[in-house]
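Report on the structure given below.
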Amino acid sequence: MTALQLDPDTRIAIRPATEDDQGFVASTFRAQLRHNGDRIVNRVLDHPTTRVLLAVEPETPRTILGWLCYALLPGVRVLHFAYTRKPMRRRGIQSALVRTAWPSGRPSYVYTLDGECTRQLCRDHIAMKLPLDEALK
């Protein structure tokens, strides 16, 4: 795991989520959704194309600062949801996660679910809404 210095006060490492991380990811994901949270979170996280990257403290990689839930599909970048702990927002964590998920080219993607961090990424990058059912076919 390589540490990234995003600003003078923000140092992170990025790693793939493990089974041990699913509880935190699912609970924070569910808390951000307005309706049908359990059903949606389970459908997205259990889908075979879904991947989750975590931004963690480099010295304590079990301390999650934010995460990005996305899908690996041929020819399209699908962002399902993004989350960053409130005190860590607007420090470049999500942009670093996006660059790790999709390292080549300018980040442009479709997104399936709305949330505060997801909306911020969509303002910063080229993004278009895609119905969740279409992405999970």
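The values are calculated or read from the model by the stated rules, or taken from the named source; none is laboratory data. This one's a predicted model, so the numbers in the text were calculated from it and none came from an experiment. Here Cβ is always computed from backbone atoms with ideal geometry, including for glycine, and neighbour counts include all displayed protein chains.
Yes/no per residue for (1) of a type in the set (Ser, Thr, Tyr); (2) without any contact (Cβ under 8 Å) to a residue 40 or more places away in the chain; (3) farther than 22 Å from Ile12 by Cα:
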| site | (1), (2), (3) |
| --- | --- |
| Leu73 | no, no, yes |
| Pro87 | no, yes, no |
| Arg91 | no, no, no |
| Gln94 | no, yes, no |
| Asp114 | no, yes, yes |
| Cys117 | no, no, no |
| Asp124 | no, yes, no |
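Hey, could you check segment 103-129 for residues that are under 13 Å from Tyr70 (Cα atoms) and modelled with pLDDT of 85 or more and say which is surrounded by the most Cβ atoms within 10 Å (Cβ to Cβ)? This residue is Tyr111. If you go through segment 60-75 and keep only what is surrounded by 15 or more Cβ atoms within 10 Å (Cβ to Cβ) and either over 14 Å from Val25 (Cβ atoms) or out of contact with any helix residue (DSSP H, G or I) (no Cβ under 9 Å at 6 or more places or on another chain) (or both), you end up with just Ala71. Return the residues of segment 65-83 that are over 15 Å from Cys122 (Cα atoms) and either at pLDDT 90 or above or under 8 Å from the mean Cα position of the chain (by Cα) (or both); say none if nothing qualifies. Scanning segment 65-83 gives Leu65, Gly66, Trp67, Ala71.
Among the conditions (1) within 29 Å of Pro131 (Cβ to Cβ); (2) exposed (fewer than 12 other Cβ atoms within 10 Å of the Cβ); (3) at pLDDT 90 or above, the only one that Asn36 does not satisfy is (3).
Given the criteria within 29 Å of Met128 (Cβ to Cβ), out of contact with any Ser or Thr (no Cβ under 8 Å at 6 or more places or on another chain) and part of a strand (DSSP E or B), does Val25 qualify? Judged against the criteria, Val25 is not a match.
Being of a type in the set (A, V, I, L, M) and under 22 Å from His125 (Cβ atoms): is that true of Val41 here? Judged against the criteria, Val41 is not a match.
Conditions tested, residue by residue: (1) among the hydrophobic types (A, V, I, L, M, F, W, C); (2) surrounded by 15 or more Cβ atoms within 10 Å (Cβ to Cβ); (3) closer than 27 Å to Ala3 by Cβ.
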{"position": "Ala31", "(1), (2), (3)": "yes, no, no"}
{"position": "Pro58", "(1), (2), (3)": "no, yes, yes"}
{"position": "Arg77", "(1), (2), (3)": "no, yes, yes"}
{"position": "His80", "(1), (2), (3)": "no, yes, yes"}
{"position": "Tyr83", "(1), (2), (3)": "no, yes, yes"}
{"position": "Arg91", "(1), (2), (3)": "no, yes, yes"}
{"position": "Leu97", "(1), (2), (3)": "yes, yes, yes"}
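Selection of first residues in segment 5-16 that are part of a strand (DSSP E or B) and of second residues that are of a type in the set (S, T, N, Q), restricted to Cβ pairs under 9 Å at least 6 apart or on distinct chains, gives the following pairs, ordered by first then second residue: Leu6/Ser95; Arg11/Gln5; Ile12/Gln5; Ala13/Thr2; Ile14/Thr2; Ile14/Thr100.
Across segment 32-77, what is the number of residues that are of a type in the set (D, E, K, R) and not in a helix (DSSP H, G or I)? Residues flagged as of a type in the set (D, E, K, R) and not in a helix (DSSP H, G or I) within segment 32-77 amount to 6.
Residue count for segment 78-117 satisfying the condition of being in a strand (DSSP E or B), within 21 Å of Leu136 (Cβ to Cβ) and of a type in the set (S, T, N, Q): 1.
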